[in-house]
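The block underneath contains the structure these notes are about, expressed in structure tokens.
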Amino acid sequence: MLRSALSFLLASAIAHGAPTDWQLPTENRHLLTGQPEKFYMYVDRTFEGERSTPWQGGAWGLVRNPIRVGGKIEYLRFHEGIDIAPIKRDAAGNPLDLVMSVSDGRVVHVSDVAGRSNYGCYIVVEHPVDAEGHVVHSLYAHLSTCSVKPGDAVKTGSVLGRLGYTGAGINRTRAHVHLELGLMMSNRFDGWMRQYSGGTNHHGNYNGMNLIGMDVARFFVERQKNPSLTVPEFVRHSPAYFKVTVPRRGTLEFATRHPWLVYGDLATNSPSWEIAFTATGLPTGIAVSKRKVDAPIVSAVRSSDTAHRYLTRGLLSGEGSSATLSTNGKKLVALITGDFPDP
């Protein structure tokens, strides 16, 4: 009943032209004042014998694990969210910052056992983004405490917990909240995990591997310039790097969950769909395709002098104007298309 009422109120606001409010999850606003070195939590890095603490390692994107390729430095590790540094600490150095919901929504997952994930203690909130109640998800990781439970309705700025340093590879000095804003890829994640990953999934469909993240920092910066910007608009206008044509096998559940990504009418009879992706694997559009394919193929790619694997977190192989899906790329496409056995 609470979920229905909240969805109705939010849908009514959107339908009448009022954009949903979005805000950063802590009092640290330096992202929006041109001081990124005060906003992001740095990483400890040793590269070519030199030790450093670059704040850039806390940003979104391919920002970690540098290697030198010819005369260029490329980064192998994709950071799917942003690491926001605390602005308040007690005398012992423990962070005091509260972590708040970035928008109106509903708490759908609380993991308060730190050892069950590299995220440590984390919370997932779903946020309606259109009048029909379709949602995106925000994730808040490495919390010291959680103040909400699944099913709780939250407003923009509602307190979810307190910033901390739970999870792998974090100490008190580098305490931060890791924030993601993303799309759920499958409602059958357990089946995909059993097929491709293994291990124990304590988080159901709210496992971080099932939420594909967008450039959340750029979203907030662009909304500062254009407060009416919506998440669907932001995702659709994110630059595509490659397209994959996939065989049509029943309903594309990902498209049903995110219909604002669809171009044309998915009810049209066709042998395949073509899905556009950013370089890091975020779907930006889904279109009906007349091409007949037996398996997913890369049907378009942005030409590059750098091998595609370095620019796509290893989702593609090849170079120039030629590319194929790597093993990891095939796994991502399988998760989005649901082309894997049921558990």
- Task: Just need a number here: residues in the stretch 235-276 that are open to solvent by less than 30 Å² (accessible area, probe 1.4 Å), more than 18 Å from LEU181 (Cα to Cα) and of a type in the set (Val, Ile, Thr).
- Result: 4
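Yes/no per residue for (1) free of Cβ contacts under 8 Å to residues at least 24 places away in the same chain; (2) touching a Leu at 6+ places or on another chain (Cβ under 8 Å):
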{"site": "PRO25", "(1), (2)": "no, yes"}
{"site": "LEU31", "(1), (2)": "no, yes"}
{"site": "GLU50", "(1), (2)": "yes, no"}
{"site": "GLN56", "(1), (2)": "yes, no"}
{"site": "ILE67", "(1), (2)": "yes, yes"}
{"site": "PRO86", "(1), (2)": "no, yes"}
{"site": "ALA91", "(1), (2)": "yes, no"}
{"site": "PRO95", "(1), (2)": "no, yes"}
{"site": "MET100", "(1), (2)": "no, yes"}
- Task: Consider VAL221 carefully, then state whether it is surrounded by fewer than 16 Cβ atoms within 10 Å (Cβ to Cβ) and either farther than 16 Å from VAL333 by Cα or out of contact with any His (no Cβ under 7 Å at 6 or more places or on another chain) (or both).
- Result: yes
- Residue list for the stretch 194-207, restricted to those being modelled with pLDDT of 95 or more, in a helix (DSSP H, G or I) and surrounded by fewer than 21 Cβ atoms within 10 Å (Cβ to Cβ): GLY204, ASN205
- Note on the structure: Flagged in the stretch 106-147 as within 18 Å of PRO25 (Cβ to Cβ) and either of a type in the set (Ser, Thr, Tyr) or assigned to a loop (DSSP other than H, G, I, E, B) (or both), in numbering order, are SER111, ASP112, TYR119, GLY120, TYR122, VAL129, SER138, TYR140, SER144, THR145, SER147
- Note on the structure: ARG174 passes all but one of the listed conditions (1) under 30 Å from GLY34 (Cα atoms); (2) open to solvent by 30 Å² or more (accessible area, probe 1.4 Å); (3) outside any helix (DSSP H, G or I); the exception is number (2)
- Message: Here's a check for you: in the stretch 277-315, which residue that is among the basic types (Lys, Arg) and within 18 Å of SER326 (Cβ to Cβ) is surrounded by the fewest Cβ atoms within 10 Å (Cβ to Cβ)?
- Response: ARG302
- Return the only residue of GLY105, GLY191, GLY182, GLY120 being of a type in the set (Gly, Ala, Ser), in contact with a Leu (Cβ under 6 Å, 6 or more places away or on another chain) and open to solvent by less than 10 Å² (accessible area, probe 1.4 Å). GLY182
- Task: Scan the stretch 321-343 and report the pairs whose first residue is under 16 Å from PHE254 (Cβ atoms) and whose second residue is open to solvent by 70 Å² or more (accessible area, probe 1.4 Å) and part of a helix (DSSP H, G or I), with Cβ atoms within less than 6 Å and a gap of 6+ or a chain change.
- Result: LYS331/TYR196; PHE340/GLN195
- ILE336 being crowded, with 21+ Cβ neighbours inside 10 Å and part of a strand (DSSP E or B): no
- Query: For ASN328, which of the numbered conditions (1) polar (S, T, N, Q); (2) modelled with pLDDT of 95 or more; (3) open to solvent by 50 Å² or more (accessible area, probe 1.4 Å); (4) over 19 Å from the mean Cα position of the chain (by Cα) fails to hold?
  - Reply: (4)
- Would you pick out the residues in the stretch 115-150 that are closer than 18 Å to MET209 by Cβ and more than 15 Å from the chain's Cα centre (by Cα)? GLY115, ARG116, SER117, ASN118, GLY120, CYS121, HIS142
- Item | Selection within the stretch 52-105 - modelled with pLDDT under 95 and in a loop (DSSP other than H, G, I, E, B) | GLY70, GLY71
- Message: Residues that are surrounded by fewer than 18 Cβ atoms within 10 Å (Cβ to Cβ) and aromatic (Phe, Trp, Tyr): does the stretch 44-53 have at least one?
- Response: yes
- Item | Among the candidates LEU229, LEU181, residue that is within 27 Å of GLU37 (Cα to Cα) and touching a strand residue (DSSP E or B) at 6+ places or on another chain (Cβ under 7 Å) | LEU181
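The values are calculated or read from the model by the stated rules, or taken from the named source; none is laboratory data. As the structure is a computational prediction, the values presented were derived from the model and not from experiment. We place every Cβ from the backbone using ideal geometry, glycine too, and count neighbours over all the protein chains shown. Note: accessible area is taken over every heavy atom of the protein model, side chains too, but ligands, DNA and RNA are not part of it. Shrake-Rupley method; radii C 1.70, N 1.55, O 1.52, S 1.80 Å.
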